[in-house]
Amino acid sequence: MSAEHEIAASKNLRGVNCPMNLVYTKVAMSEINPGEVLEIILDDGPPINNVPGSVKKEGHEVLSQARLDDGAWSVLVRKGG
Amino acid sequence: MNYSAEQLERYSRHIILQEVGVEGQEKIGAARVLIVGAGGLGSPAALYLAAAGVGTIGIVDGDVVDLSNLQRQIAHYTKDVGREKVLSAEEKMVAINPDVKVQTHRMLLKAANIREVIRDYDFVLDGTDNFPTKFLVNDACVMENIPFSHGGILRFDGQTMTVLPGRSSCYRCTFRQPPPPDAVPTCSQAGVLGAIAGMLGTIQAAETLKYFIGTGELLTDTLLSFNALNMTFRRVPLRRQDSCPLCGSKPTITELVDYEQTACVIK
């Protein structure tokens, strides 16, 4: 699925708990332009259950969520305008 | 600005707020705020603004810490009695947040010196304990076009408003001149419930942060007053007055004056 979107930046947030994973996501989002795509890697459990929703509330678009081999999740987010 | 991991953690509860975010925290970090008075209002304001990461905080006070201050002026500890208030406050602010640059001004603000002091700041937080200085702060901020938060407390009552000079009503639009000396008791003569200093000072700190973040509605054209005895809050709508002697269309106040000081004559 990553092939569908050009990824401007990627942030590995494995092992980063809530809410610092959201903090790092917001920092990474502030460093890309509207329309560009950020990939975040989130742990299973509270991180994947919370961060994508928070990101949507901030006006960004969650393009996809995919389970990785190690149980973590790759989430693609397009920055809102 | 590039935040360290430690700074991101320190400011995380701001950054995750949608209305603040990384950008809002950066604005707070670039802000220069002057707190007038390191007393009941200035203490909580100074501590919260330091905690929030306001980049430069100036604090003005000419007094030393008195034992009777400690009941409400929470930046000062028992060990600080006799010490300059600005130095006592600076120590606590830096202890909370070493990111913050504190500029101490150990002086009394007067007509002759206030404009020069406030000119160095983006926002002024008035935590003074007497009407002459409140009018002086209002007049100087309007003349220098510096936004400020007015605040006052007495007994169980507090009041505050935020002034954007030229855009919202100033203190003088509503209150034309200081009351006659001795018409109004000062804190030291009338008493004050210590905790209301925190209630009002933190409202002023929140207004200051909102001004820099640029979100929400400020207490402009609004006097917020509360009575803590009944815990009632009231918002009084205000309007800019064309007849205001300071910010109206035909101003008669064009120079600063020192009114007679009557504050805190009794300890």
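The values are calculated or read from the model by the stated rules, or taken from the named source; none is laboratory data. Note that this is a predicted model, so its numbers are computed, not measured. Backbone-built Cβ (ideal geometry, glycine too); neighbour counts: all protein chains shown. Side chains are part of the model used for accessible areas, which takes the heavy atoms of the whole protein and leaves out ligands, DNA and RNA. Shrake-Rupley method; radii C 1.70, N 1.55, O 1.52, S 1.80 Å.
Summary table
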| quantity | calculated |
| --- | --- |
| The listed residue being within 30 Å of B:Gln18 (Cβ to Cβ), assigned to a loop (DSSP other than H, G, I, E, B) and either over 14 Å from the mean Cα position of the chain (by Cα) or touching a residue at least 24 places away in the same chain (Cβ under 8 Å) (or both), out of B:Glu207, B:Glu217 | B:Glu217 |
| Selected residue [open to solvent by 80 Å² or more (accessible area, probe 1.4 Å) and within 14 Å of chain B (Cβ to nearest Cβ)] from A:Lys57, A:Lys79 | A:Lys57 |
| In the stretch B:184-198, residue nearest to the chain's Cα centre (by Cα) [restricted to those that are closer than 29 Å to B:Asp122 by Cβ and open to solvent by 20 Å² or more (accessible area, probe 1.4 Å)] | B:Gly198 |
| The stretch B:142-183, subset among the aliphatic types (A, V, I, L, M) and crowded, with 16+ Cβ neighbours inside 10 Å, residue farthest from the chain's Cα centre (by Cα) | B:Met143 |
| Contacts under 6 angstrom Cβ, first residue in the stretch B:1-18 being facing chain A (nearest Cβ under 10 Å) and in contact (Cβ under 8 Å) with a residue 60 or more places away in the chain, partner of a type in the set (D, E, K, R) and in a helix (DSSP H, G or I), 6 or more apart | none |
| The one condition in (1) in contact with a strand residue (DSSP E or B) (Cβ under 8 Å, 6 or more places away or on another chain); (2) assigned to a loop (DSSP other than H, G, I, E, B); (3) loosely packed, with under 13 Cβ neighbours inside 10 Å that B:Ser249 fails to fulfil | (1) |
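Results for (1) assigned to a helix (DSSP H, G or I); (2) away from every other protein chain (no Cβ under 14 Å), shown as yes or no for each residue.
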{"position": "B:Gln25", "(1), (2)": "yes, no"}
{"position": "B:Ile28", "(1), (2)": "yes, yes"}
{"position": "B:Gly39", "(1), (2)": "no, yes"}
{"position": "B:Leu47", "(1), (2)": "yes, yes"}
